[in-house]
Amino acid sequence: MAPLVNIEGLRVAFGGVPVLRGVDLTLGKGEALGLVGESGSGKSVTWLAALGLLPRHAKVSGSVSLDGREILGAPASLLDQIRGGRVAMIFQDPASALNPVLTIRKQLCEALALHRDLSGKTVKAEALRLLNLVGIPDAARRLAAYPHEFSGGQVQRIMIAMALAGNPDLLIADEPTTALDATIQAQILELLSTVRREMGMAMVLISHDLGVVAENCDRVAVMYAGRIVEQAPANQLFADPVHPYAQGLIGALPPLDGPRRRLTAIPGTVPDPAHMPRGCAFAPRCVFAAEPCGLAAPSLAPIADDRAVACIRAEASRRALLGIAAE
Amino acid sequence: MSALLVEVSSISRSYSMRSGMFGRSTAVHAVDGVSLTIPKGDTLGLVGESGSGKSTTGRIVLGLEPPDRGEVRFDGKPMAILGTPAWRAQRARMQMIFQDPLGALDRRLPVATQIREPLDIHGLGASAEREDRVRELLRAVELTPAHGGRYPGALSGGQRQRIVLARALATKPDFLVCDEPVSALDVSIQAQVVNLLCDLQAQLGLTLLFISHDLRVVRQISNVVAVMYLGRIVEVGSADDLFARPEHPYTQALVSASPAPGRRSAGRIVLAGDPPNPAARPQGCAFHPRCPRAIARCASEVPVLSSVGGGRQVACHLVTGPRAETRDAA
Ligand SMILES: Nc1ncnc2c1ncn2[C@@H]1O[C@H](COP(=O)(O)OP(=O)(O)OP(=O)(O)O)[C@@H](O)[C@H]1O
Ligand SMILES: Nc1ncnc2c1ncn2[C@@H]1O[C@H](COP(=O)(O)OP(=O)(O)OP(=O)(O)O)[C@@H](O)[C@H]1O
Ligand code: SF4
Ligand SMILES: [Mg+2]
Ligand SMILES: [Mg+2]
């Protein structure tokens with residue numbers, strides 16, 4: 001089956017400083033992909049670039065196709081049609097994404113008229129259906145309310161309703177539940193997975209929270225310094241991470257039960273994008289780093305069905321597995 | 001039992017808030033009758049609903065804001081009046097760390113200058129001694145004097161948060177309030193800062209009030225944890241025991257909703273209903289509209305925080321001590 005989205009060799013630079021250094025990702029129809037990784041590793045920029053939402057001074061190259069059709073550098077009219085239509089995005093800061101001086105009805109109806117070609121009564125009925133779907137109580141009356149009259153959790157759900165207005169095939173949710181307590185977070189994620197099941201929608205979930213990603217995604221990609229360093233089915237990644245950064249990330253998570261131990265932190269910090277190491281970008285912090293790690297950046301290579309890792313050690317063990325002599 | 005450094009007795013604080021464009025102003029009970037104690041050298045973790053009054057409690061405990069009712073005692077003495085010399089002396093013994101390390105630092109000054117600032121303000125030590133102290137503090141947070149010469153923009157998130165920590169430790173405080181100190185950090189950097197806090201606490205005998213949404217981090221660092229819901233404390237218990245066997249239905253939902261890699265959401269409690277509106281607090285138990293176990297009494301009668309044995313306190317009509325027996329019977 002052809003993938004819904006295929007990203008190849010996506011590169012982005014700001015003022016000559018590369019922040020995406022060749023990202024390859026595919027996403028199947030209806031699939032939920034998690035994107036985790038160090039802050040500043042390029043998780044948001046990947047999707048902003050794919051949808052043509054970066055400022056003009058960003059230098060973007062590579063390929064992004066949607067249903068086999070190239071959309072990177074596509075004309076603005078096509079991109080406008082895709083965004084909010086086939087692909088919807090929920091941004092990190094929900095408050096800023098709604099217009100404070102317009103009622104919820106007005107904003108929902110605008111989105112519906114733009115992307116669904118509905119009019120008159122059908123628009124209003126659909127707006128009401130969406131608000132009910134995301135669980136806003138007393139929706140018929142609340143349509144006339146302004147964003148500030150809703151609680152934080154409700155604003156987040158209205159954002160989801162707006163994103164769903166265009167019946168998207170893909171929803172990109174960038175940190176949709178950060179800063180909410182776990183009970184409200186669980187309600188919102190439950191809602192997203194119901195909608196996904198009912199509409200067959202694919203989702204990219206960007207989050208710092210490994211638990212959230214583990215529970216809501218089929219597959220996970222781990223980013224470090226502008227590249228994907230590991231890609232695996234969610235259960236396999238968390239049970240058996242291969243890339244040393246992915247291992248460090250999972251090992252650093254404090255347990256919620258069992259005895260308390262000192263946390264195993266990853267020493268050091270992310271490299272400065274303007275002074276990227278020549279070899280593996282993680283080498284300066286990696287406990288396994290050996291001489292070859294500093295020479296050339298390892299490429300993302302398959303280690304099993306649907307698993308790929310960018311690490312020399314994984315490459316070596318794969319060679320051993322396949323009986324290929326190391327050169 | 002060791003002596004108490006912080007004693008908070010039934011503090012309340014409300015704000016007036018305008019609702020709607022022509023709205024009358026309504027009172028928001030941000031904190032409503034909260035009592036807490038923290039023994040010297042211990043860490044009290046504070047978790048709970050967004051908007052439940054955790055930060056407000058932290059500010060009142062530090063004397064940054066007076067309570068409308070109730071009292072805070074520090075090292076056996078009542079908090080001095082804001083702005084007096086006695087207050088300043090007391091304040092030098094307590095410090096606060098906020099969530100956003102970039103917001104807490106001045107972008108235009110080298111970080112060493114900012115670590116030194118509290119020493120200058122409180123006039124502690126001669127000039128040369130202050131320089132030494134800054135170097136010592138940088139070492140304590142595992143940075144070098146070279147880092148001290150940099151501006152905040154040239155440091156990573158984790159390094160900036162360590163600078164904020166170094167500055168908070170400059171006056172050798174006895175008490176530190178940390179409000180979401182690691183939530184802006186990556187898991188990998190977060191672990192560095194949490195380890196550092198634990199080490200410093202052990203070395204310096206610091207007492208901490210640690211506020212966070214992240215139950216894992218709170219458990220890692222706390223002796224005792226208090227859970228807040230809509231301005232009140234609904235459960236208190238030892239960190240390990242509380243998260244292993246939560247008794248209050250809200251704590252149960254919170255723990256069960258806390259996602260974990262490798263544990264799919266089997267048996268998860270997903271609450272129905274909306275997060276509460278603090279300006280329109282429900283009658284009876286504030287949690288009852290969302291509570292999966294609520295009974296008729298919950299809608300009318302406010303449950304009181306009371307001891308149920310085993311060092312646990314719970315405010316729920318369904319949980320009445322002694323809990324060890326009820327557990328074993330179940
Ligand atoms: N408009 C911009 N101009 C210049 N640099 C930018 C711009 N937007 C992003 N960057 C840089 O690109 C890099 C990747 O940023 P991105 O927002 O994708 O990180 P992220 O992985 O989403 O991080 P976080 O988890 O903190 O949201 C960062 O170093 C960031 O500073
Ligand atoms: N200065 C203020 N004026 C009016 N209302 C306020 C003020 N400060 C806090 N509040 C309200 O008091 C309540 C408690 O706020 P507080 O910041 O203490 O919550 P919190 O538990 O720290 O929440 P969070 O987890 O979101 O940080 C909230 O409803 C908030 O809107
Ligand atoms: S008092 Fe009633 S409503 Fe409140 S938590 Fe207990 S059972 Fe639920
Ligand atoms: Mg981002
Ligand atoms: Mg707060």
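The values are calculated or read from the model by the stated rules, or taken from the named source; none is laboratory data. Quantities reported herein were computed from a predicted structural model and do not represent experimental measurements. Cβ placement follows ideal geometry from the backbone for every residue including glycine, while neighbour counts extend to all protein chains displayed. What goes into the accessible areas is simple: the full protein's heavy atoms, side chains included, and nothing from ligands, DNA or RNA. Shrake-Rupley method; radii C 1.70, N 1.55, O 1.52, S 1.80 Å.
Interface of B with A. Using a 1.4 Å probe and counting protein heavy atoms only, the two chains hide about 3900 Å² of accessible surface, both sides summed.
A convex hull fitted to the Cα coordinates of region A:213-279 yields 108 cubic angstrom per residue.
Only Cα pairs under 8 Å and at least 6 apart count here; give the relative contact order of chain B as a rounded whole percent.
Reported relative contact order: 19 percent.
Give me Rg over Rh for region B:82-188, both radii from the alpha carbons and Rh done the Kirkwood way, two decimal places. My calculation of the ratio gives 0.96. Placing a pseudo-label 7 Å from each Cα along the Cα-to-Cβ vector at A:Leu79 and B:Glu131 gives an inter-label distance of 5.4 nm. Listed by chain and number, the aspartates and glutamates whose C-alpha is less than 16 Å from the C-alpha of A:Lys121, apart from same-chain residues fewer than 8 away, are A:Glu110.
Binning all Cα-Cα separations of the protein assembly as shown at 20 Å, short to long from zero, yields these whole-percent fractions: 17, 48, 32, 3. The mean number of Cβ atoms from other chains found within 10 Å of a Cβ in peptide B:211-221 is 4, as a whole number. Inter-chain Cβ neighbour count for A:137-150, averaged per residue, equals 1 (cutoff 10 Å, partner chain atoms only). Hydrodynamic analysis of region B:1-134 uses the Kirkwood radius over alpha carbon pairs. Inserted into Stokes-Einstein at 10 °C and 1.306 mPa s, it gives a translational diffusion coefficient of 91 µm²/s. Ranked by the mean number of other Cβ atoms within 10 Å of their residues, highest first, the peptides B:145-153, A:17-25 come out as A:17-25, B:145-153.
Helix A:104-116 against the longest principal axis of chain A: what's the angle in degrees, Cα atoms only, rounded to the nearest 10? The angle comes out near 70 degrees.
Rounded to the nearest 10 degrees, the inclination of helix A:182-199 to the longest alpha-carbon principal axis of chain A is 80 degrees.
Of the solvent-accessible surface of chain B, computed with a 1.4 Å probe over protein heavy atoms with every protein chain present, carbon and sulfur atoms account for 54 percent.
Across A:Ala58, A:Ala144, A:Ala289, mean-square fluctuation computed from a Gaussian network of chain A (C-alpha pairs under 10 Å connected) peaks at A:Ala144. The convex hull drawn around the Cα atoms of region A:1-154, when projected onto a plane and averaged over every direction, covers 11.0 nm². For region A:47-147, a crude dipole built from +1 on the beta carbon of Lys and Arg and -1 on the beta carbon of Asp and Glu, taken about the Cα centre, is about 240 debye to the nearest 20. Taking all protein chains into account, the per residue accessible area for chain A stands at 44 Å² (1.4 Å probe).
Computed over the Cα atoms of region A:176-299, what is the ratio Rg over Rh, Rh following Kirkwood?
Looking at region A:176-299, the ratio lands at 1.02.
Can you tell me what share of the DSSP beta bridges in chain A is antiparallel? A percent to the nearest 5 is fine. Percent antiparallel among DSSP bridges in chain A is about 60. Adding -39500 (n - 2.57) for every DSSP H run of four residues or longer, then dividing by how many residues chain A holds, sets the calculated 222 nm ellipticity at -10000 deg cm²/dmol.
Kindly rank B:188-200, B:276-288, A:73-85 from highest to lowest mean number of other beta carbons found within 10 Å of each residue.
So the peptides B:188-200, B:276-288, A:73-85, ranked by packing, come out B:188-200, B:276-288, A:73-85.
What residue among A:Arg56, A:Arg142, A:Arg261 has the largest mean-square fluctuation in a Gaussian network model of chain A, using Cα springs under 10 Å? Residue with maximal mean-square fluctuation among A:Arg56, A:Arg142, A:Arg261: A:Arg261. When +1 charges are put on Lys and Arg Cβ atoms and -1 charges on Asp and Glu Cβ atoms, the dipole computed for region A:128-231 relative to its Cα centre reaches about 300 debye. Annotation for A:Thr122 and A:Ala301: the two label points, set 7 Å from Cα along the Cα-Cβ direction, are 5.4 nm apart. Packing order of peptides A:249-258, B:308-317, highest average first: B:308-317, A:249-258 (average count of other Cβ atoms within 10 Å over each peptide's residues). Per residue of peptide B:47-57, the mean number of Cβ atoms on other chains within 10 Å of the residue Cβ is 2. Of the residues making up region A:235-256, those losing 10 Å² or more of accessible area when the isolated chain is joined by the remaining protein chains, with a 1.4 Å probe, are A:Phe238, A:Leu249, A:Ala252, A:Leu253, A:Pro254, A:Pro255, A:Leu256. Between B:Pro246, B:Pro85, B:Pro67, the GNM of chain B built on Cα springs shorter than 10 angstrom shows B:Pro85 fluctuating the most. Here chain A is described by how far its Cα atoms reach on the three principal axes: 69, 52, 38 Å, from widest to narrowest. Dipole magnitude for region A:183-237: computed about the Cα centre from +1 point charges on Lys and Arg Cβ and -1 point charges on Asp and Glu Cβ, it is near 160 debye.
Taking every protein chain into account, the accessible area of region B:205-288 amounts to 29 square angstrom per residue (probe 1.4 Å). Calculate how steeply helix B:111-121 sits against the longest principal axis of the alpha-carbon atoms of chain B, using the helix alpha-carbon long axis, and give the answer as 0 to 90 degrees to the nearest 10. Result, in degrees: 90.
Each of A:Thr177, A:Leu253, A:Gln187 was placed along the dipole of region A:158-280 (beta-carbon charges, centred on the mean Cα), and the one lying farthest toward the positive end is A:Leu253.
When the listed pairs A:Lys29/A:Lys124; B:Lys40/B:Lys77; B:Lys54/B:Lys172 are checked against a 22 Å cut-off, the alpha-carbon distance exceeds it for A:Lys29/A:Lys124; B:Lys54/B:Lys172.
For region A:165-201, state which residues have at least 40 Å² less accessible area in the presence of all protein chains than in their chain by itself, taking the probe as 1.4 Å and leaving out ligands, DNA and RNA. With the partner chains in place, region A:165-201 has these residues losing at least 40 Å²: A:Asp181, A:Ala182, A:Thr183, A:Ile184, A:Ala186, A:Gln187. Using only Cα atoms, locate the centre of region B:241-260 and the centre of region A:185-243, then give the distance between them in Å, rounded to an integer. The two parts, judged by their Cα centres, are 23 Å apart. Taken over the Cα atoms of region A:11-55, the convex hull encloses 82 Å³ per residue. With the helix formula -39500 (n - 2.57) applied to DSSP H stretches of n ≥ 4, chain B reaches a computed 222 nm mean residue ellipticity of -9500 deg cm²/dmol.
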